[in-house]
Amino acid sequence: MIELSADLNNEQRYKTSFKYDSYGKILHQNRNKISSPYLEAELRSYLPLTFDSHGWQRGIIPQISYKLENNLFYSGDKYIQYDQLRFILQGYVMRPVAKAAVYPRYGAGIIARSSLSPSGFNFYSPLASIKAYFYLPGLFSTHGIKVTAEYQRQFTEGRTYYIKNLINMPPGYDNDITADHLSNIGVSYALPLYLNDIDLGFFAYLQRVQLIPFADYGRYKKRRVENSGNITGNLYSFGSDFLVDGHFFRIGAPMSIGFRYARLKYDPLYKNSKNHFALLFNISLTK
């Protein structure tokens, strides 16, 4: 499988550099906006190998991707663009998802990932991460539990910049936090509620509601710029997703529309709000 994706001007474009003292120690970072559009493009290839048998789905998925964006970073004698080469290996075993459920009744998987910057290898820190996830049955046959655990390490020794993260932080926090060590543990519980195919005419044909409460705990550790110890922090987030599944405005593909609310712990590194709201939308183009 080969996929190509691109985003144009979905955020500000920047030019980043550092000011050093006479001993070569970083004093502060300069980050200036550039008026031209931001561009991000990614080429991804993966090979899904499946070994299903006796009612169990098993698979191994090797993957490689290359991502390029036109933000500029000063490398000592010139500005270079940011790129990222990723290697991913995923293995899983699980029961098929029942039509009335959201999660498989039983299952487990592990994902090993690494990343580096080919054009700025001497300036961007390589990273490695590991993620494990498990599916367990809930109180009723259609309910399900998902448990995830992730850890990521940035190898920053002798590097100037952090490479972009591969780990997911608790819902509501920015995944682009810069830290040498990141970890996250989360649990969610899926409760699908069927609506007996409510017909609202042209507007919608509603099939079910998904209520998915969750709770996540994350932790970070990073070196201080002046090398006087580490900055550490604990993060937590709990809340719920609320989604309505069905067909809207007579569009043939099934859709899920809803929102997420999460209550967050305030953290001085994030300077985040304690309440997080997000709109959720998904459309399935495959049967």
Worksheet item: Which residues, counting only those in region 149-160, are open to solvent by 20 Å² or more (accessible area, probe 1.4 Å) and not hydrophobic (A, V, I, L, M, F, W, C)?
Response: Tyr151, Arg153, Glu157, Gly158, Arg159, Thr160
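Touching an Asp or Glu at 6+ places or on another chain (Cβ under 9 Å), open to solvent by less than 50 Å² (accessible area, probe 1.4 Å) and in contact (Cβ under 8 Å) with a residue 24 or more places away in the chain: does that describe Leu182?
Values: touching an Asp or Glu at 6+ places or on another chain (Cβ under 9 Å): yes; open to solvent by less than 50 Å² (accessible area, probe 1.4 Å): yes; in contact (Cβ under 8 Å) with a residue 24 or more places away in the chain: yes.
Answer is yes for this residue.
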Worksheet item: Going through region 191-212 one residue at a time, which ones are modelled with pLDDT of 95 or more and either open to solvent by 50 Å² or more (accessible area, probe 1.4 Å) or within 18 Å of Asn175 (Cβ to Cβ) (or both)?
Response: Leu211
Discussion item. Regarding region 237-254, can at least one residue be identified that is on the phi < 0 side of the Ramachandran plot, open to solvent by 80 Å² or more (accessible area, probe 1.4 Å) and in contact with a Lys or Arg (Cβ under 7 Å, 6 or more places away or on another chain)?
Written reply: yes
Worksheet item: Scanning region 81-111 for residues that are under 20 Å from Ala6 (Cβ atoms) and at pLDDT below 95, which turns out most open to solvent (accessible area, probe 1.4 Å)?
Response: Gln81
Worksheet item: Does Leu285 meet the test of being at negative phi, out of contact with any strand residue (DSSP E or B) (no Cβ under 9 Å at 6 or more places or on another chain) and open to solvent by 70 Å² or more (accessible area, probe 1.4 Å)?
Response: yes
Worksheet entry | Subset of region 61-80 (residues that are more than 18 Å from Ile2 (Cβ to Cβ) and either in contact with a strand residue (DSSP E or B) (Cβ under 7 Å, 6 or more places away or on another chain) or open to solvent by 80 Å² or more (accessible area, probe 1.4 Å) (or both)) | Glu69, Asn70, Asn71, Leu72, Phe73, Tyr74, Asp77, Lys78, Tyr79, Ile80
Fill in: Hey, Tyr217 of a type in the set (Ser, Thr, Tyr), open to solvent by 70 Å² or more (accessible area, probe 1.4 Å) and free of Cβ contacts under 8 Å to residues at least 60 places away in the same chain or not
yes
Worksheet item: Which members of region 257-279 meet the condition of being hydroxyl-bearing (Ser, Thr, Tyr), modelled with pLDDT of 95 or more and over 30 Å from Ala204 (Cβ atoms)?
Response: none
Discussion item. I'd like to check something: does region 171-178 contain any residue that is open to solvent by less than 30 Å² (accessible area, probe 1.4 Å), at pLDDT below 90 and either of a type in the set (S, T, N, Q) or within 24 Å of Asn282 (Cβ to Cβ) (or both)?
Written reply: no
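Would a scan of region 139-153 turn up a residue that is among the charged types (D, E, K, R) and either farther than 30 Å from Lys271 by Cα or over 15 Å from the mean Cα position of the chain (by Cα) (or both)?
Of all residues in region 139-153, those among the charged types (D, E, K, R) come to 146, 150, 153.
Subset that is either farther than 30 Å from Lys271 by Cα or over 15 Å from the mean Cα position of the chain (by Cα) (or both): 146, 153.
Scanning region 139-153 turns up at least one residue that is among the charged types (D, E, K, R) and either farther than 30 Å from Lys271 by Cα or over 15 Å from the mean Cα position of the chain (by Cα) (or both).
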Worksheet entry | region 112-126: number of residues that are open to solvent by less than 20 Å² (accessible area, probe 1.4 Å), over 30 Å from Gln57 (Cβ atoms) and at pLDDT 90 or above | 2
Fill in: Hits in region 33-60 (condition: over 16 Å from Arg113 (Cα atoms), outside any strand (DSSP E or B) and either open to solvent by 80 Å² or more (accessible area, probe 1.4 Å) or hydroxyl-bearing (Ser, Thr, Tyr) (or both))
Ser35, Ser36, Tyr38, Phe51, Asp52, His54
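The values are calculated or read from the model by the stated rules, or taken from the named source; none is laboratory data. These figures come from a predicted structure and were not determined experimentally. FYI the Cβ positions are ideal-geometry reconstructions off the backbone, even for glycines, and counts take in every protein chain you see. Accessible surface is based on the protein model in full, side chains and every heavy atom, while ligands, DNA and RNA are left aside. Shrake-Rupley method; radii C 1.70, N 1.55, O 1.52, S 1.80 Å.
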